[in-house]
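Every number here is computed from the coordinates shown, using simple stated rules; none is lab data. Computed from a predicted model, the values in this text were never measured in an experiment. For neighbour counting, all protein chains shown are included, and Cβ atoms are generated from backbone atoms with ideal geometry for every residue, glycine included.
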Amino acid sequence: AERPALPLEPPAERQPAEGRGRNLAENAEDPLLRLTTKNTFLDVDGLPSYDPGRMCASSPVVLQTAPPPAAGASQVFVWQMLADPFYTNTPHKQSRAFHIVNNSSGRSVLCAAAITAKQSGTKRAQQGFKCADGKGYLTLHLQEARPAERFRLKITFKVGTEYRGPVSHDFAERATCELQRGQEEWEFKEAVLAKCVTVSIMVDENHRVEEKTDDDEDED
């Protein structure tokens, strides 16, 4: 005898995979999506991919920028790095190179930010951030020869949420821009936020920062 046909049940509603189909409100919890990049050039050091456990995920990243000279132009170079070097004997780290451009003339200089540990002794092992308890210096260096003509601007340094400056500097006179004596030392470990430290270099309203591209190597 034939079996009676069983009633068909509607297929179960398919649930989206983890992380898929989230709306913008849910995505707003992602710190990278909440990061405002207008008027900001970001350089993420040591963070090849987004990892919530290693990024500054404990609270939204808020970047305070100088008044922009024009919409879309950047006055802030942001260097975000893992805090690991400040707990080791790493003596020095340098950011990617970037251009500072004069808005009027279009002339530019190629620079990079650098952090250097405060020396706690004469031996090599005493020259890293671990021995200095995270203390050190933040400077801005030319990555090319000094310009022949005057290139003066005001630069503000920022580590974490602390601002220092502005400093008036002419790259035609000196290749390195640094803070005045008594202001030059930073306690980088105090600026650690969820395993990261954020360093910012801000230029005045007459200048902007631009990312260095691979094409720059072919201009000579």
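Of everything in the stretch 193-210, what is over 19 Å from ARG146 (Cα atoms) and part of a strand (DSSP E or B)? Give them in sequence order. I'd like the intermediate steps shown before the answer.
Narrowing the stretch 193-210 to residues over 19 Å from ARG146 (Cα atoms): 193-202, 204-206.
Once the filter is applied, which keeps residues that are over 19 Å from ARG146 (Cα atoms) and part of a strand (DSSP E or B), the stretch 193-210 yields LEU193, CYS196, VAL197, THR198, VAL199, SER200, ILE201, MET202.
Being at positive phi and either surrounded by 17 or more Cβ atoms within 10 Å (Cβ to Cβ) or within 16 Å of the chain's Cα centre (by Cα) (or both) is true for just one of GLY134, GLY128. Which residue is that? Give the derivation first.
Values: GLY128 fails: at positive phi.
None of the others qualify; the one that does is GLY134.
Inside the stretch 164-189, can you point out the residues that are touching a residue at least 40 places away in the same chain (Cβ under 8 Å) and more than 19 Å from SER108 (Cβ to Cβ)?
Scanning the stretch 164-189 gives GLU178, LEU179, GLU184, GLU185, TRP186, GLU187, PHE188, LYS189.
Of the residues ALA117, ALA113, which is buried (at least 20 other Cβ atoms within 10 Å of the Cβ), out of contact with any Leu (no Cβ under 9 Å at 6 or more places or on another chain) and either farther than 17 Å from VAL192 by Cα or not aromatic (Phe, Trp, Tyr) (or both)?
On the way: ALA113 fails: out of contact with any Leu (no Cβ under 9 Å at 6 or more places or on another chain).
Of the residues listed, the single one that is buried (at least 20 other Cβ atoms within 10 Å of the Cβ), out of contact with any Leu (no Cβ under 9 Å at 6 or more places or on another chain) and either farther than 17 Å from VAL192 by Cα or not aromatic (Phe, Trp, Tyr) (or both) is ALA117.
Would you check if SER120 is in contact with a Lys or Arg (Cβ under 9 Å, 6 or more places away or on another chain) and not in a strand (DSSP E or B)? Even if it seems obvious, please write down each step before you answer.
Values: in contact with a Lys or Arg (Cβ under 9 Å, 6 or more places away or on another chain): yes; not in a strand (DSSP E or B): yes.
Yes.
Consider the stretch 155-195. How many of its residues are more than 20 Å from LEU142 (Cα to Cα), of a type in the set (Gly, Ala, Ser), out of contact with any helix residue (DSSP H, G or I) (no Cβ under 7 Å at 6 or more places or on another chain) and surrounded by 13 or more Cβ atoms within 10 Å (Cβ to Cβ)?
2
I'd like to check something: does the stretch 92-108 contain any residue that is closer than 18 Å to GLU185 by Cα and in contact (Cβ under 8 Å) with a residue 60 or more places away in the chain?
At the first step, the residues of the stretch 92-108 found to be closer than 18 Å to GLU185 by Cα are 92-94.
Now restrict to residues that are in contact (Cβ under 8 Å) with a residue 60 or more places away in the chain: none.
Among the residues of the stretch 92-108, not one is closer than 18 Å to GLU185 by Cα and in contact (Cβ under 8 Å) with a residue 60 or more places away in the chain, which makes the answer no.
Between a first residue in the stretch 133-152 that is without any contact (Cβ under 8 Å) to a residue 60 or more places away in the chain and under 21 Å from GLN180 (Cβ atoms) and a second residue that is surrounded by fewer than 16 Cβ atoms within 10 Å (Cβ to Cβ) and of a type in the set (S, T, N, Q), which pairs have beta carbons less than 6 Å apart while being 6 or more apart in sequence or on different chains?
Listed pairs, sorted by first residue: THR139/THR176; HIS141/THR176.
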